[in-house]
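To start, the structure itself, in structure tokens.
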Amino acid sequence: MNRVVHPIEQESFRRLRARLDTSGFPPLTRAVVERVIHSAADLEYATDLVTTEDDLRRGHAALHAGAPVVVDVEMVAAGITRRDTVCRLREAKSFDGLTRSAHAIRLAYEQVGPGALWVIGCAPTALEELLTLDADPALVVGLPVGFVGAAESKEALRASGLPAVSNVSEKGGSAVAAAALNALLYRPTSPEETP
């Protein structure tokens, strides 16, 4: 099913591209950078985001092959259109120094196993917990926000060598994390199709 793009979205992307030349990015990287910038109206994401085209290709292929999508909070799930997600935060509990967000990641991993796409836009402790698991993710969108642990958890994600989308600064959040995944969802699966 083809996605119908609203004229307001078209104009927003036209204005974004008038202010920032994204033509030098590889196709999937460009899609992610533009959609994240669009979601936050923040051009700094063009230099703050960290990913590789190879990681995005792996995530894109897994996503379109039906791999599960796990999110840390319902706000991320609400932002992901056209795809069901797994979020276990409602059942999670904090205990023994483990936050509810971290416990939710454990519960989700028990449910989906390896090969999922993980989209973390709120809790640095969720990203930290994911890094302790043998999750073998197709892709980790690690964009938690905050002054405590956010930048550090994203740095740990990059150091892990897992296929990922992250950013260097403390900013992030549910909207930008969902936008990064939506960018891959909206990209066609065959090269001859144009978004």
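The values are calculated or read from the model by the stated rules, or taken from the named source; none is laboratory data. Keep in mind it's a predicted model, so treat the numbers as computed, not measured. Glycine gets a Cβ as well: all are built from the backbone with ideal geometry, and neighbour counts include every protein chain shown. Ligands, DNA and RNA are excluded from the accessible area calculation, which covers all protein heavy atoms including side chains. Shrake-Rupley method; radii C 1.70, N 1.55, O 1.52, S 1.80 Å.
Is the shape of segment 81-195 best called rounded, prolate or oblate, per the rule: a/c under 1.5 gives rounded, else a/b larger than b/c gives prolate, else oblate, with a ≥ b ≥ c the square roots of the Cα gyration tensor eigenvalues? Verdict is prolate for segment 81-195. Within the listed set LEU63, LEU107, LEU20, the Gaussian network model of the chain (springs between alpha-carbon atoms below 10 Å) gives the highest mean-square fluctuation for LEU20. Overall, segment 1-94 carries a charge dipole of about 300 debye about its Cα centre when +1 sits on the Cβ of Lys and Arg and -1 on the Cβ of Asp and Glu, all other atoms neutral.
Since only ALA156, HIS6, TYR109 are under comparison, the one whose Cα sits farthest along the positive direction of the charge dipole of the chain, derived from C-beta charges on Lys, Arg, Asp and Glu, is HIS6.
Among 161-169, 42-50, the peptide with the highest mean count of other Cβ atoms within 10 Å heads the list, and the full ranking is 161-169, 42-50.
Sequentially through segment 64-74, phi angles give Karplus couplings (6.51, -1.76, 1.60; θ = phi - 60°) of 6, 8, x, 4, x, 10, 10, 10, 7, 9, 4 Hz, Gly and Pro residues having no value and appearing as x. Highest mobility in the GNM of the chain, judged by mean-square fluctuation with C-alpha springs under 10 Å and restricted to GLY113, GLY149, GLY66, is found for GLY66. Here the chain carries DSSP beta bridges of which approximately 25% are antiparallel, counting only pairs with both residues inside.
A Stokes-Einstein calculation at 25 °C with viscosity 0.890 mPa s, built on the Kirkwood radius of the chain over Cα pairs, returns a diffusion coefficient of 147 µm²/s. The residues of the chain have, on average, 50 Å² of accessible surface per residue, using a 1.4 Å probe with all protein chains present. Sorting THR189, THR22 by solvent-accessible area of protein heavy atoms yields THR189, THR22, largest first, with a 1.4 Å probe.
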